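The values are calculated or read from the model by the stated rules, or taken from the named source; none is laboratory data. Predicted, not measured: the structure shown is a model, and the values here were computed from it. In this analysis, Cβ positions are derived from the backbone assuming ideal geometry, glycine residues included, and neighbour counts consider all displayed protein chains.
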Amino acid sequence: MTRAYRFVPGTVYLFLALLCLAPRGASGEVRPFTLPQAVEYALTNNGELKSLRQEKGVREAGKIRAGLYPNPVLDLDGTTGELSGSPSENRLSIGISQEFLTMGKRGKRLKVAEKEIEGFERQIDNSGRLLSEEVKTTFYDLLLAEKRVELAERSIALNNQLLDITKQRLEAGDIPELEVNLAQVEVARSEGRKVEAERELYPAKARLLLLIGLPPDEEARFSGSLEGKPFARGLAELKALALTKRPDLKALEAEKAKSDAEIALAQAERIPNITAGVGYQRENTAIDVAGSEVKDRDNLIGLKLSIPIPMFDRNQAGIREAQARKGSAENRYAFARLAAEREVEAAYARLTTAEKTLSIYAKDIIPQLEENLKMVREAYRLGEVGILTVIEEQKKFFEVNDGYLTALYNRQTALAKLEAAVGADLSIETSGGEK
């Protein structure tokens, strides 16, 4: 039966207008993401990282402030004798003075500000390093959840096949009805496992969408694999790479350089600045001579030089503070280098262990497990074994495959942690250094 629909022209125009004005993502378009694309998108659009980049403007404003010269000072002074009975006497003066920085203080302040900006930039890079690790780990969380859903679906398919076989054998009178009931229970259990697997799927995706900073009106599809290439980098090489690549170490290096610049500035501030000025003064006076008032006017031009005498304060506190900061920065840098090496060692050991576990699964367990399951199912179909043997083998198949997925996940997350510990993307080098 067919049904005809009649469109009103005005309705058609309204529908087309709404379609054109629909927000981005409302049309059902889904943005695809691989792992590198997700990391790159997160480094550009993550909210916290964008906020840090905005805060860089505060440091840039500090550099502008450090490079400014002191403002000149305009002095105006006027006095009159109008209120004291001498209306003919008054004085007016005007002057301008300028403070001059000594010992190259402006350049030293600029160097301090530049090192502060450099250190903050490295802190932003370090936040990106930690964000990349979190995005990778969450991405693998999502992949693991998807693979577990697929494994649960395969378990459902296997149990449904077993249920079909039991029904056929029941019709043939080979088995009791109890075995059919047991097969139905296994189907229900496998469906329950799928629901549990799907429960982990949505929180992982929501977390990943938040990390990469995708707008709420857009949808995303993440694709990737838990499989990875063999890793062939030595521990000594990775340690050396970490000491040159990690942005947190570079930030501490900038902090050390900043403390050196602060000491130089503090020492320069022992010598006070000089203030020089020029002024003009006009003075009207009146003298009573023999009953008559004689008026006089003087025009004066003066020069002024002001130099504070550093007798008591030679910026001892400022120098001591800068030296203390330098010592603190040096200690933190030395500790951070040691901590970075230890972190690389731990991540490398975790990756090595994960690869060994994965190798055992891939070479010795998984291939034999597939063969065992096939043989047991065929034996049951021929009536050579009971259904409990098949159920036990399928249960083992599911548990071992879940362990294999966990091993794959552990290997990939261990690699992500190692990349974060080194401060570099090792995905290109995982094939033995090939570019």
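For the reader, a short list of remarks on this structure follows.
- Qualifying residues in the stretch 264-299 (those that are loosely packed, with under 11 Cβ neighbours inside 10 Å and within 19 Å of Asp75 (Cβ to Cβ)) - the one modelled with the highest pLDDT: Asn299
- Every residue from the stretch 26-57 that is surrounded by 13 or more Cβ atoms within 10 Å (Cβ to Cβ), modelled with pLDDT of 90 or more and over 18 Å from the mean Cα position of the chain (by Cα): Phe33, Thr34
- Residues located in the stretch 331-363, provided they are touching a residue at least 24 places away in the same chain (Cβ under 8 Å) and either closer than 11 Å to Leu249 by Cα or not in a helix (DSSP H, G or I) (or both): Arg332, Tyr333, Ala336, Arg337, Ala340
- Test for Arg169: is it surrounded by 12 or more Cβ atoms within 10 Å (Cβ to Cβ), of a type outside the set (A, V, I, L, M), more than 53 Å from the chain's Cα centre (by Cα) and farther than 14 Å from Val390 by Cα: yes
- Residues located in the stretch 204-240, provided they are closer than 30 Å to Asn160 by Cβ and in a loop (DSSP other than H, G, I, E, B): Ser223, Gly224, Ser225, Leu226, Glu227
- Which listed residue, of Leu388, Leu418, Leu369, Leu373, is assigned to a helix (DSSP H, G or I), buried (at least 19 other Cβ atoms within 10 Å of the Cβ) and in contact (Cβ under 8 Å) with a residue 24 or more places away in the chain: Leu418
- Selection from the stretch 220-254 of residues that are of a type in the set (Asp, Glu), over 21 Å from Glu133 (Cβ atoms) and at pLDDT below 90: none
- Set side by side, the residues Ile175, Ile124, Ile165 differ, and just one is on the phi < 0 side of the Ramachandran plot, in contact (Cβ under 8 Å) with a residue 60 or more places away in the chain, assigned to a loop (DSSP other than H, G, I, E, B) and not charged (D, E, K, R), which is Ile175.
- Flag if Arg314 is in contact (Cβ under 8 Å) with a residue 40 or more places away in the chain and within 30 Å of Lys239 (Cβ to Cβ): no
- Any hit, the stretch 245-260, residues being among the hydrophobic types (A, V, I, L, M, F, W, C) and under 16 Å from Glu341 (Cα atoms): yes
- The listed residue being assigned to a helix (DSSP H, G or I), of a type in the set (A, V, I, L, M, F, W, C) and touching a Phe, Trp or Tyr at 6+ places or on another chain (Cβ under 9 Å), out of Leu201, Leu249, Leu243: Leu249
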